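A.B. asks: What follows is a structure written as structure tokens; I'll ask about it next.
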Amino acid sequence: VTCVEVVEAYVERIKEVNPLINAIVKDRFEEALQEARQVDKLLSEGPGNDYLEEKFPLLGVPITVKEAFSLHGMPNTSGLVNRRNVIATSDAAVVSRLKQAGAIPLGVTNCSELCMWYESSNRVYGRTNNPYDLQRIVGGSSGGEGGVLAAACSVIGVGSDIGGSIRMPAFFNGVFGHKPTTGIVPNDGQFPNAQGVRTSFLCTGPMCRYAEDLEPMLRVMAGPGVNKLKLNEKVSLEKIKFHCMDHDGGSIFVSPVDKEILQAQKKVVEHLEGELGVQVQRVAIHKMKYSFQIWSAMMSSKDSNGQEAQLFTDLLGDHGKPVWPLWELMKWLVGMSAHTLPAIALGLTEKVMKLNPGGNAKLVSMGKSLQEEMEALLGPDGVLLYPSHPTIAPRHHSPICMPFNFAYTAIFNVLGLPVTQCPLGLSSEGLPLGIQLVAASYNDHLTLAVARYLEKAFGGWVLPGKV
């Protein structure tokens, strides 16, 4: 098939599905078709496929990009009302690398306000719906990306993750997502970008329907940074030391893990033991119970130069007047606020966190010792199986009742570990199940290899509406 035919097929699919899910918030179909014509011209006149494959590994592949990343000519609001007229005049670092590798962006996808909530809904673009059940969330903050991939409107996509923003949408939408080892893929060109201590927690990474697409995409996005990873090493699955943890130990802030999620994880353990002949070691890491508190304290801590973490309320103002969360809450109650309730709540939480510096310091040191414990446990050949979230894709608005459930993904951001989110078929209600695969720093190749294996064993992505 020609590249034009491929792009046209995806454009048609988006036109058919996007009115239902509202995942793509601005398209660039005309430009994409123009770029597809150039690809076909290059192929017809081209200097041979081997040369092209090396120079343009993603030649002609349709992609989508989270709206928080700048993509030339596209909006870059991150769902913030007072940025609604901001149009990107350049490409974010990873977007530029993907374009140079030959990829063709189809448009930008929805996110939560300022990328800090796990439902993708804002006052600029409205709400994105889960393709498996329109009454449910796509997750956040890379939720539009998760939905667009699940609905087969795009091949691969760009997400970012500071508390699970790649992995939660990948889980809720039954696709693959990878949070790389910290510091490998550049975060430049997204809004808001991390500052201070958060620069070592924010990760940009690939999302896709098929496990085999994660690695080539990661190679392009990482650029020269990829040399720190061992992606060329052959992985022998039988030699991996597998560890398994069913839940965080019972945090008071987080829902208990859903039975069907536990069942899916049990099936994975049985499969690995039965087919690979490995022994999956059950572990109970006590500090994981404090995941939410550790993440919060580390997110608001000072960096090594003593620089304070940027206040979320400053970001909400975005170079304008500072935002007073209590006043915004009053306005919200009468329908007058330009902000979403989760953003206002986060602003209030931030103020409360500042009241206990001593407690925060203890939690930061607990986080550091948990990091050492994890690195020692996983070592050069370990992979941990851990739930992606306590519940299957919740209904719209319900995250407000359990705001800290994202702790299951967030803890790995502050630990800096690579994690691959892997789908495991559908629940009894036809909603995606899945699991997180965690390795020690720079061992992304292990989790990617296990994801490819589990895709074959459990079927990977399932087309929505098929059941």
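The values are calculated or read from the model by the stated rules, or taken from the named source; none is laboratory data. Note that the structure is a prediction, hence the values are computed from the model and not measured. We place every Cβ from the backbone using ideal geometry, glycine too, and count neighbours over all the protein chains shown. The area values use the complete protein model at the heavy-atom level, side chains included, leaving out ligands, DNA and RNA. Shrake-Rupley method; radii C 1.70, N 1.55, O 1.52, S 1.80 Å.
A.B. asks: Return one whole number: the accessible area per residue of the range 3-458 in Å², for a 1.4 Å probe. Before the final figure, lay out each step's value.
C.D. replies: Working: 18130 Å² over 456 residues.
Result: 40 Å² of accessible area for each residue.
A.B. asks: Continuing with this model, one more query. Using DSSP to define loop residues, name the GluC sites (Glu not before Pro) in the range 222-305 whose beta-carbon has at most 13 other beta-carbon atoms within 10 Å. Working shown, then result.
C.D. replies: Working: sites: Glu233, Glu238, Glu260, Glu270, Glu273, Glu275; in loops: Glu233.
Those satisfying the criteria are Glu233.
A.B. asks: Pull out the extension gain between Asn85 and His286, defined as 0.36 nm times the separation in residues minus the alpha carbon to alpha carbon distance; nm, one decimal. Could the numbers behind the result be given before it?
C.D. replies: Working: separation 201, 0.36 × 201 = 72.36 nm, distance 4.74 nm.
Stretched fully, the Asn85-His286 segment lengthens by 67.6 nm.
A.B. asks: Would you please report the Å³ per residue occupied by the convex hull of the alpha carbon atoms in the range 195-235? List each step's numbers first, then the result.
C.D. replies: Details: hull volume 4.2 nm³, N = 41.
Hull volume normalised by residue count: 101 Å³.
A.B. asks: Another question, then. Express in % the proportion of alpha carbon pairs of the chain at distances exceeding 27 Å.
C.D. replies: Values: 55411 of 108811 pairs.
Here the tail beyond 27 Å accounts for 51 percent of pairs.
A.B. asks: Can you give me the Rg/Rh ratio for the range 388-467, using Cα atoms for both radii and the Kirkwood formula for Rh?
C.D. replies: On the way: Rg = 14.3 Å, Rh = 14.1 Å.
My calculation puts Rg/Rh at 1.01.
A.B. asks: Tell me, what % of the accessible area of the chain is carbon and sulfur with a 1.4 angstrom probe?
C.D. replies: Numbers: 10350 of 18940 Å².
Here carbon and sulfur together make up 55 percent of the probe-accessible area.
A.B. asks: Collect residues whose amide H, placed 1.01 Å from N in the peptide plane, falls under 5 Å from the amide H of Gly382; neighbours closer than 5 in sequence don't count.
C.D. replies: Hits under the 5 Å cutoff: Lys241, Ala440.
A.B. asks: Next question, about the same structure. Mind jotting down the distance between the C-alpha centroids of the range 422-455 and the range 39-116, whole Å?
C.D. replies: After rounding, the separation between the Cα centres reads 26 Å.
A.B. asks: Can you list the residues, at least 5 places off or on another chain, whose amide H is less than 5 Å from the amide H of Ser337, using H built in the peptide plane?
C.D. replies: Trp332
A.B. asks: May I pose another question? Using modelled amide H (1.01 Å from N, peptide plane; none on Pro or chain starts), what sits under 5 Å from the amide H of Lys26, excluding residues fewer than 5 places away?
C.D. replies: Counting only residues 5 or more places away or on other chains, the set is Val108.
A.B. asks: Can I ask one more? Sort 149-162, 356-369, 289-302, 176-189 by packing, meaning the average of other beta carbons within 10 Å per residue, with the highest value first.
C.D. replies: Details: 149-162: 27.2, 356-369: 14.1, 289-302: 22.1, 176-189: 23.7.
By packing density, highest mean first, the sequence is 149-162, 176-189, 289-302, 356-369.
A.B. asks: Say the cut-off is 30 Å between C-alpha atoms; which of Lys99/Lys302; Lys66/Lys259; Lys289/Lys321; Lys26/Lys179 go over it?
C.D. replies: Values: Lys99/Lys302 36 Å; Lys66/Lys259 32 Å; Lys289/Lys321 38 Å; Lys26/Lys179 25 Å.
The pairs that break the limit, which is 30 Å between Cα atoms, are Lys99/Lys302; Lys66/Lys259; Lys289/Lys321.
A.B. asks: Still on this structure, I have one more. Using θ = phi - 60° and the Karplus curve 6.51 cos²θ - 1.76 cosθ + 1.60, what whole-Hz ³J(HN,Hα) does each residue of the range 75-90 get, with Gly and Pro shown as x?
C.D. replies: Coupling constants for the range 75-90: x, 9, 9, 6, x, 9, 4, 7, 10, 4, 9, 7, 10, 5, 9, 8 Hz.
A.B. asks: Follow-up question, since we're still on this one. No solvent, one uniform scatterer per C-alpha: report log10 I(q)/I(0) for the range 173-268 via the Debye equation at q = 0.11, 0.14, 0.15, 0.19 1/Å, two decimals.
C.D. replies: Results for the range 173-268 at q = 0.11, 0.14, 0.15, 0.19 Å⁻¹ read -0.51, -0.81, -0.92, -1.17.
A.B. asks: From Cα pairs below 8 angstrom and at least 6 apart in sequence, can you work out the relative contact order of the range 3-458, rounded to a whole percent?
C.D. replies: Worked out over the range 3-458, it gives 18 percent.
A.B. asks: Something else now. What is the gain in length, in nm to one decimal, between Glu31 and Trp324 on full extension, counting 0.36 nm per residue of separation less the C-alpha to C-alpha distance?
C.D. replies: Using 0.36 nm per residue and subtracting the Cα-Cα distance, I get 101.3 nm.
A.B. asks: Follow-up. From the backbone phi of the range 168-180, what are the Karplus-calculated ³J(HN,Hα) couplings (6.51 cos²θ - 1.76 cosθ + 1.60, θ = phi - 60°) in whole Hz, Gly and Pro given as x?
C.D. replies: Here the 3J(HN,Hα) series is 5, x, 4, 5, 5, 10, x, 10, 9, x, 10, 9, x Hz.
A.B. asks: Here's something else I'd like to know. Using θ = phi - 60° and the Karplus relation 6.51 cos²θ - 1.76 cosθ + 1.60, list the HN-Hα couplings for the range 407-414 in order, rounded to whole Hz, with x at every Gly or Pro.
C.D. replies: After applying 6.51 cos²θ - 1.76 cosθ + 1.60, I find 4, 4, 9, 4, 4, 6, 5, 6 Hz.
A.B. asks: Cut-off under 13 Å on the C-alpha distance; same-chain residues fewer than 8 positions from Lys41 excluded. Which aspartates and glutamates are left, in chain and number order?
C.D. replies: none
A.B. asks: First obtain the Kirkwood hydrodynamic radius of the range 1-112 from its Cα pairs, then insert it into the Stokes-Einstein equation at 25 °C and 0.890 mPa s, and state the resulting D in µm² per second as a whole number. Working shown, then result.
C.D. replies: Details: Rh = 14.8 Å.
Reported coefficient: 166 µm²/s.
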